[in-house]
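Bear in mind that the values in this text are calculations on the coordinates, not laboratory data. As the structure is a prediction and not an experimental result, all values here were calculated from the model. Cβ coordinates were reconstructed from backbone atoms using ideal geometry, including for glycine residues, and neighbour counts include every protein chain displayed.
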2 protein chains.
Amino acid sequence: MLVYIAGSGAMGCRFGYQLSKTNHRVILLDNWEDHIAAISENGLQVTGDVEDCVRLPIMKPTEATEIADLIILLPKADQLPKMLQDIRGIIGENTKVLSLLNGLGHATTMRRYLAQENIMVGVTIWLAGLKGPGQAFLQGTGSLSVQNMVGDGDAVAPIIEMFNEAGLNASYDDNVIEAIWRKACVNGVMNPTCAVLDCTIGELFGTEAGLNLVQHIYDEFIAVAQSEAEGIDKQAIWVYIMETSKKASSHYPSMHQDLIQHKRRTEIDYLNGAVVFKGKRAGIPTPYCQMITDMIHAKEAMLGLR
Amino acid sequence: MLVYIAGSGAMGCRFGYQLSKTNHRVILLDNWEDHIAAISENGLQVTGDVEDCVRLPIMKPTEATEIADLIILLPKADQLPKMLQDIRGIIGENTKVLSLLNGLGHATTMRRYLAQENIMVGVTIWLAGLKGPGQAFLQGTGSLSVQNMVGDGDAVAPIIEMFNEAGLNASYDDNVIEAIWRKACVNGVMNPTCAVLDCTIGELFGTEAGLNLVQHIYDEFIAVAQSEAEGIDKQAIWVYIMETSKKASSHYPSMHQDLIQHKRRTEIDYLNGAVVFKGKRAGIPTPYCQMITDMIHAKEAMLGLR
């Protein structure tokens, strides 16, 4: 199989590295010049659980020409439309395209560029970091769940098999959508609230008013989720959120790191912003998500990020 | 007339000082020990537009015994119920009680302690400051509008006359409630948003997302205001808000000063919190006010203020 990684940041490098150990061909795509130069000249350096260096072809998305069997989408969320445009030349009639992006709304974007039957969505709990251009830092273990948007798992059995040859602990799951929503719920209640209130997850959940905020936002996520996916269990996801909040009590969530610590534009449009958008389409009011999205947007604008 | 000032902070001192220049008797009430000691020993020192010192009786609210003709309420908003309890001994059958507090919900509190026909409400645009115990700083000019909760202005004409003898530019206005709502709208859209987003009024109004926040909160204020007062002109108050935002563009509003700069508990319960409360009673949804109130409460709780 010919596999492209469209967006070869930290997680893209993990997938590229692990797939390079199989008999399949892997090509990394990215737009970061220094990253391309480093990997072209010295290979992909891996540290963490293993020390390794692999030679992997890497190029800009627009430079790829050979029709793919599988494309794994891992760009930054706001770069997805551009990435899908840039890789049109390698998408054939039977090319499967798997999104592993966090957040909501990506399948809608994909449908604008791809045939419904070639779209796959997945969630992974593998972790990955980048220490610099061409330098992946890979620790721990994880797993990967994927799903076809149309049909069952049979059509993508060879893809699952390839992932497992690469040690990625993959399985077919006919409710990945539910897992995506679960992850989005956790991030949607904690991320923007901790960013706006400049607090840790424990501080947010430790106040009655903070819990009110979480509960209101959560109710909207669930109402919208239930309008578009099967098997959304409100009670179970709430329990999962409360467990996560205890485990991650002393942490500032990623959106706090982006906005407050690094003054970077956030992914709010793919969390609470997407719930507002989907809510409008479904006739479900989402004032709490609207308000927290406006607050993050206002903060981004004040920092010159928007 | 015997006039008590119930709550003799900056504005209470202004009223006490100006009324002391008439032939009426004025007694200051307050609970701040240093303030009572300073005024008892050295009189009330006035600087600013004039330099003066006047001897004025001052005592704790529970120590007052002589039945009042007029009581002017100027405690901190969250001290109003306690103040009304403490001064029960000086409220007679014909004692008029005038609230000059900022914010919403005070008339409801007053009705629990006072006969409806003795309640007056007012708004003033006089300014006043305190430089220390017993030291009032008074600058500029202003005006005062008052209204009876029941009946017309005739019953309180002697009170208006007394205020004008004191140079307070008083007039009877049979829609003070509208003026109170207008002031509350301005504060309700700017104060908690600038406090949560840690920004100036100009920064808030200068972003599209910030304006969205303002607009959503404003819509709820107006819906609730129109449910309980006559003559609320949505268009006119919006124009007034936009003008105020331009004039005060470089300022941090008072709630920002309280919460962010001085780590003091805010008056959110008498602004957006009161709109939530009144909205519930009237069956009007107020999710934006609910959310910004929860955010301010959460922030207060994290700072140990609640």
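Things to note:
- Around the Cα centre of the range A:93-199, unit charges on the Cβ atoms of Lys, Arg, Asp and Glu (plus for the first two, minus for the last two) sum to a dipole of about 480 debye.
- Rounded D (µm²/s) - chain A, Kirkwood Rh over Cα pairs, Stokes-Einstein at 4 °C, 1.567 mPa s: 64
- Relative intensity, log₁₀ I(q)/I(0), of the range B:38-79 from a Debye sum that treats every alpha carbon as a point, q = 0.29 Å⁻¹: -1.04
- Between the C-alpha center of the range B:232-306 and that of the range A:194-247 there is a gap of 24 Å.
- Spacing of the two label points (7 Å from each Cα toward its C-beta) at B:E33 and A:V150, in nm: 8.1
- Label point of A:A115 (7 Å along Cα→beta-carbon): distances to the other copies' equivalent points are 8.7 nm, sorted ascending.
- Placing a label point 7 Å from Cα along the Cα-to-Cβ direction at B:E230 gives distances to the equivalent points in the other copies of 6.1 nm, listed shortest first.
- Over 24 Å between alpha carbons, listed pairs A:K76/A:K263; B:K247/B:K278; B:K76/B:K183; B:K82/B:K234; B:K60/B:K131: B:K247/B:K278; B:K82/B:K234
- Computed E for A:L2/B:L303 - FRET, C-beta separation, R0 60 angstrom, nearest 0.05: 0.60
- Computed over the range A:177-306: relative contact order in percent, which uses C-alpha pairs under 8 Å that are six or more apart: 32
- DSSP beta bridges in the protein assembly as shown [antiparallel fraction, %, rounded to 5]: 30
- Pairwise FRET efficiency - B:A282 versus A:S40, Cβ, R0 = 56 Å, nearest 0.05: 0.25
- The distance from the alpha carbon centre of the range A:4-68 to that of the range B:68-147 is 72 Å, rounded to a whole number.
- Relative contact order (%) - criterion: Cα under 8 Å, at least six apart; region: chain B: 14
- Only Cα sites of the protein assembly as shown enter the Debye sum here, all with the same form factor; the resulting log10 I(q)/I(0) across q = 0.07, 0.08, 0.10, 0.11 1/Å is -0.57, -0.68, -0.90, -1.02, listed in q order.
- The calculated FRET efficiency for the pair B:K21 and B:R111, based on their C-beta separation and a Förster distance of 25 Å, comes to about 0.15.
- Translational diffusion of the range A:194-262, estimated by Stokes-Einstein from the Kirkwood radius over alpha carbon pairs at 10 °C in a medium of 1.306 mPa s, is 122 µm² per second.
- Adding -39500 (n - 2.57) for every DSSP H run of four residues or longer, then dividing by how many residues the protein assembly as shown holds, sets the calculated 222 nm ellipticity at -13500 deg cm²/dmol.
- Which of A:K263, A:K247, A:K183 has the fewest Cβ neighbours within 10 Å, and the rest in rising order: A:K247, A:K263, A:K183
- Peptide A:203-211 shows a mean partner chain C-beta count of 5 within 10 Å per residue C-beta.
- Protection-proxy order for peptides A:142-148, A:295-301, each taking the mean of Cβ atoms within 10 Å per residue, highest first: A:295-301, A:142-148
- At 1.567 mPa s and 4 °C, Stokes diffusion of the range A:101-150 via Kirkwood alpha-carbon radius, µm² per second: 99
- All other residues whose Cβ lies under 13 angstrom from that of A:S254 are scored, Lys and Arg at +1 and Asp and Glu at -1, for a net of +2.
- The range A:141-181 gives an Rg/Rh value of 0.97, both radii derived from C-alpha positions and Rh following Kirkwood.
- Tensor-based shape of the range B:174-306 (alpha-carbon gyration tensor, a/c under 1.5 rounded, otherwise prolate or oblate): oblate
- Square roots of five times the Cα gyration tensor eigenvalues for the range A:68-120, Å: 16, 11, 10
- Segment A:V50-A:K131, extension gain: residue separation times 0.36 nm, minus the distance between their alpha carbons: 27.7 nm
- 14 Å beta-carbon shell around B:G92, net charge (K/R +1, D/E -1): -2
- Nearest 10 degrees, 0 to 90: helix B:208-228 Cα axis against chain B principal axis: 50
- Averaged over peptide A:292-305, the number of partner chain Cβ atoms lying within 10 Å of each residue's Cβ comes to 5.
- 10 Å beta-carbon shell around A:Y288, net charge (K/R +1, D/E -1): -3
- Spin-label model, A:Q235 to A:S250: label points 7 Å out along the Cα-to-beta-carbon direction sit 3.4 nm apart.
- In order along the range B:262-268, the Karplus-derived 3J(HN,Hα) couplings, from 6.51 cos²θ - 1.76 cosθ + 1.60 at θ = phi - 60°, round to 10, 6, 10, 4, 9, 9, 4 Hz, and Gly and Pro are given as x.
- Positive end of the dipole of the range B:113-244 (Cβ unit charges, origin at the Cα centre): among B:N148, B:V186, B:G206, the Cα lying farthest that way belongs to B:G206.
- Label-point distances for B:D49 to the equivalent site in the other copies, using a point 7 angstrom along Cα→C-beta, read 7.6 nm when ranked shortest first.
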